[in-house]
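Below you'll find the structure, written out as structure tokens, and then a few comments.
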Amino acid sequence: MGLPSDIHPTFQGTAQAYQSSLASQLWLVGAALVAVYIVLGMLYESYIHPVTILSTLPSAGVGALLALLAFHAELSMIALIGIILLIGIVKKNAIMMIDFALETERSGKSPEEAIYQACLLRFRPIMMTTMAALFGALPLALMSGAGAELRRPLGISIVGGLIVSQMLTLYTTPVIYLYMDRLQAWLRPRKRVPLVHREVPSSPASVHGPSLT
């Protein structure tokens with residue numbers, strides 16, 4: 001167009017608001033993760049096991065992004081809301097297993113036996129809650145008509161994140177739990193054994209009294 005070099009195009013109005021919202025996406029996700037970590041740390045009174053629970057979230061984010069790529073949907077603010085929702089939905093898999101494993105450990109079982117029993121006994125409620133959320137998001141992902149282009153990224157991100165996280169967290173969470181349990185045992189300060197002061201026995205003369213000569 002032959003414009004001077006000191007003239008630069010910028011977004012205005014709704015487009016400018018959208019660009020500013022995209023710039024704050026990482027801050028929103030980071031703030032959500034920090035809030036979840038603080039709440040889990042207060043509930044479990046531990047710095048380690050909240051990390052185990054949050055380890056399930058990367059698989060959900062990867063699944064949401066892959067689903068958006070597969071359906072040629074944009075990573076809009078609505079899709080970001082779906083990813084933030086996944087933070088609250090997906091971590092319940094690890095919460096169910098770890099909460100049961102900690103209770104089992106208190107009864108005297110080893111961490112390996114505790115997490116194994118947790119995986120067996122918590123598999124059904126994990127699948128039930130995941131399938132309920134998955135089928136609830138399917139109408140959003142498959143809908144058509146007026147306003148569908150606004151709601152479809154929300155459903156696509158939720159469905160993709162749930163499918164991928166469900167396939168991975170059932171295998172990765174027990175492994176991470178065992179490693180974190182060993183790390184916690186290594187970081188826990190060792191209890192010092194108190195020294196026992198043994199009394200030196202007195203001489204026979206002092207025990208039986210002075211001898212008579």
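Points worth noting:
- Against the numbered list (1) closer than 23 Å to SER59 by Cα; (2) surrounded by 18 or more Cβ atoms within 10 Å (Cβ to Cβ), THR104 comes up short only at (1).
- For LEU68, the requirement of being modelled with pLDDT of 75 or more, touching a His at 6+ places or on another chain (Cβ under 9 Å) and surrounded by 15 or more Cβ atoms within 10 Å (Cβ to Cβ) is not met.
- Helices (runs of 4 or more DSSP H) (entirely within the stretch 1-56) containing at least 3 residues that are at pLDDT 70 or above and touching a Phe, Trp or Tyr at 6+ places or on another chain (Cβ under 9 Å): 49-54
- Any chance ALA73 is under 22 Å from THR169 (Cα atoms) and crowded, with 18+ Cβ neighbours inside 10 Å: no
- Across the stretch 129-149, a minimum of one residue is classified as aliphatic (A, V, I, L, M), in contact with a Lys or Arg (Cβ under 8 Å, 6 or more places away or on another chain), over 21 Å from TYR37 (Cβ atoms) and outside any helix (DSSP H, G or I).
- Complete set of residues in the stretch 128-166 that are closer than 27 Å to HIS49 by Cα and free of Cβ contacts under 8 Å to residues at least 12 places away in the same chain: MET128, MET131, ALA132
The values are calculated or read from the model by the stated rules, or taken from the named source; none is laboratory data. What you see is a predicted model, and the numbers here were worked out from it, not measured in a lab. Here the Cβ is made from the backbone with ideal geometry for all residues, glycine too, and neighbour counts use every protein chain on show.
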